[in-house]
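Below: the structure, in structure tokens.
The values are calculated or read from the model by the stated rules, or taken from the named source; none is laboratory data. In this text the structure is predicted, and so the values were computed from the model without any measurement. In this analysis, Cβ positions are derived from the backbone assuming ideal geometry, glycine residues included, and neighbour counts consider all displayed protein chains. Quick note on the areas: whole protein, heavy atoms, side chains included, nothing else; ligands and nucleic acids left out. Shrake-Rupley method; radii C 1.70, N 1.55, O 1.52, S 1.80 Å.
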Amino acid sequence: MTLTSVPTTSQVSVTQSEADQAAEVQAAVHPLPVTMSGAEALMDALHRHDVQHIFGYPGGAILPIYDALHQAEAKGWLKHILVRHEQGGTHAADAYARSTGRVGVCFGTSGPGATNLVTGIATAQMDSVPIVVITGQVSRASIGTDAFQETDIFGITLPIVKHSWVVRDPAQIGRIVAEAFLIASTGRPGPVLIDVPKDVGLEVFAYEPVEPGSVIPKGYQLAAPPRPQVIDQALELIRNARRPLLYVGGGAISSGAHEAVKRLAERFELPVTTTLMGKGSFDERHPLAVGMLGMHGTAYANFAVTECDLLIAAGARFDDRVTGRIDSFAPRAQVIHIDIDAAEVGKVRLPEVPIVSDVRLALEALLAASAHEPDSQRTRAWLERIESWKQHYPLNVPEEKGAIAPQEVLISLRQLAPEAFVTTDVGQHQMWAAQYLNNPPRHWISSAGLGTMGFGLPAALGVQVAHPGEAVICVAGDASILMNIQELGTLSQYQLPVKVVIINNGWQGMVRQWQESFYGERYSASEMVAGMPNFPALAEAFGVRGVLITERSRLKEQLAEAFAHPGPAVIDVRVRRNENCYPMVPPGASNAQMVGLPSHPELAIDTTRACGSCGSSTVSAHLYCPSCGAKL
């Protein structure tokens, strides 16, 4: 049922006739509650929050909601996308949110339907992505009785959501949905869960709608602007730094801070490095860009972070894949840490200047406070040093002989589709894509924190639904793609023109690389050749174009032909089997100690340090002094 608001009227006189008219107007302005089912109320609340697409899979407990969804689709304001597995629905909603900045929504039924959502919820939680997950549940009277297809999805997901609800009273649906969207999308974004018992969806009641943003849960704090004092302190450090580095993470993408990042970098001539989540926040073709840092980052980014004297962390959380050995991460630097989540500030590295704020607001405050900053040459020598590293330690492109190198495939993608949205699965191909592709803001969609194999294909369909006229490419591995390959059926049903490029080396590539490097070349359960499907034929079985590429001479030609195909396509590119992804920071090493590069002795980190309390010497990796127990 559609609810229409009526504008208020001016005060009327007190004659009986006019009083009757006034009563009628007042009733129109403040209409009596409308009678509808809980499921219909849920759909009305979603409509009020401008939900246009829902990814989901039906089942018994959620059927009342799907019945109301059917009515909503008939009215034309909503499109439901039927995925082939509930995990695919969460990843699609996740990528929909990453690529648009809006909240993604997915549905799943109770029991196994709900538990199939868990990996996708955890993926969104680790990468701070706003999604609203709505599950069906057994009826209220059956909860706790081990009824058919009952699981406590509320309890199961408590550690991996920002907040969750079990709807016990249908009259609370409007308020719960409003709270859910507010919590998911504000502060540090993240997933929320609404569990709806079947009889709540069926129950008819007097519905009173709740408008978006009109309800703030008790105790919930919206982000405050940065304090002027900390902005002044940060500027003082920036002005005095000679070797600064701007370290940008996914928070800059979430807050839409890419323009502010560029302006700040150019104003103070700051070299910029990004995390895997931060790709797209700064143009990697810009002279100040040093690319991604961390385990598979560029050599020059890792050298820069090792030698910098000021590290400005903007929306980054000092993840272990970025820092390597934490005591040798930016060991010579003072730190400014900007993050909307106070729990992240100081969790891994204590900053000299903590700024708890939205990244965009903080960077804009820095820009406003330095509007009349005079030109300075203080970072020129530093930039020249970084440029020399770029020349001496570029990303490696193997010789063009033998089988196709995976790096060649990514370079071809960069040349053929520079503005495409790119999703990835997880593994070597993901790191090569991060190294070689340049992406505009919100065009890089990859599972970073959880490292979820099977993410790429359903993520690509979510992006394509959100951006129907844009090019969307999924870069996958031959092992990862099998984890959610059933979503080719979704691409086929809706004719979503996603292009899936499989970097096929017949291995779980990153597992094989680690087994080669750290486990004596004992390749345990990592080879995928036995049982590997004929990917092009499998794609054709789903009604999707299948392409096989084996020759370098036809690589770009066949890719271009596949990209020109108006529908979905799977492109199986056979690459050399034993190519490793370099550079690489080994476990327990500092970022300056990368495998696959010549040694860099001038950046070597001392292996021991003195305790500030008792003066005794100890291993630098220790967090506490073994002699006196003081924190090092």
For the chain, dividing by residue count, accessible area per residue (probe 1.4 Å) in Å² works out to 41 Å²
Using alpha-carbon positions, what is the distance between the centroids of segment 528-570 and segment 201-253, in Å?
43 Å
Against the longest alpha carbon principal axis of the chain, how many degrees, from 0 to 90 and to the nearest 10, is the axis of helix 173-185 turned?
20 degrees
Rounded to 10°, Cα long-axis angle of helix 456-466 versus longest principal axis of the chain
50 degrees
Leaving out ligands, DNA and RNA but keeping every protein chain, what accessible area does Met43 have, in Å² rounded to the nearest 10, with a 1.4 Å probe?
10 Å²
Just want to confirm a number: the relative contact order over the chain, from Cα pairs under 8 angstrom separated by 6+ residues, in percent.
12 percent
Local electrostatic count, Gly315, Cβ distance below 11 Å [Lys/Arg +1, Asp/Glu -1]
-1
Let me know the charge dipole size of segment 265-343 about its Cα centre in debye, to the nearest 20, where only the beta-carbon of Lys, Arg (+1) and Asp, Glu (-1) is charged.
140 debye
Surface share of carbon and sulfur [accessible, 1.4 angstrom probe, percent] for the chain:
53 percent
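Could you sort Thr306, Thr115 by their accessible area in this structure, using a 1.4 Å probe and putting the largest first?
Details: Thr306 0, Thr115 55 Å².
Largest accessible area first, the residues go Thr115, Thr306.
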What is the magnitude of the charge dipole of segment 86-234 about its Cα centre, with +1 placed on the Cβ of each Lys and Arg, -1 on the Cβ of each Asp and Glu, and no other charges, expressed in debye to the nearest 20?
400 debye
Against the longest alpha carbon principal axis of the chain, how many degrees, from 0 to 90 and to the nearest 10, is the axis of helix 86-100 turned?
80 degrees
Which of the pairs Lys262/Lys347; Lys218/Lys262; Lys279/Lys347; Lys79/Lys198; Lys79/Lys218; Lys79/Lys162 have their Cα atoms more than 30 Å apart in this structure?
Lys218/Lys262; Lys79/Lys218
The summed charge of the Ala184 Cβ neighbourhood (under 14 Å; Lys/Arg +1, Asp/Glu -1) stands at 0
When all protein chains stay in place, what accessible area (Å², nearest 10, 1.4 Å probe) is found for Arg242?
120 Å²
Counting DSSP beta bridges in the chain, what percent are antiparallel, to the nearest 5?
15 percent
For the chain, whose charge dipole is built from +1 on Lys and Arg Cβ atoms and -1 on Asp and Glu Cβ atoms, the candidate among Thr379, His70, Ala476 with its Cα farthest towards the positive end is Thr379
Where the only charges are on Cβ atoms (+1 Lys, Arg; -1 Asp, Glu), what is the dipole of the chain about its Cα centre, to the nearest 20 debye?
1440 debye
No solvent, one uniform scatterer per C-alpha: report log10 I(q)/I(0) for the chain via the Debye equation at q = 0.07, 0.10 1/Å, two decimals.
-0.50, -0.96
In square angstrom, rounded to the nearest 10, how much accessible surface does Leu82 have for a 1.4 Å probe?
50 Å²
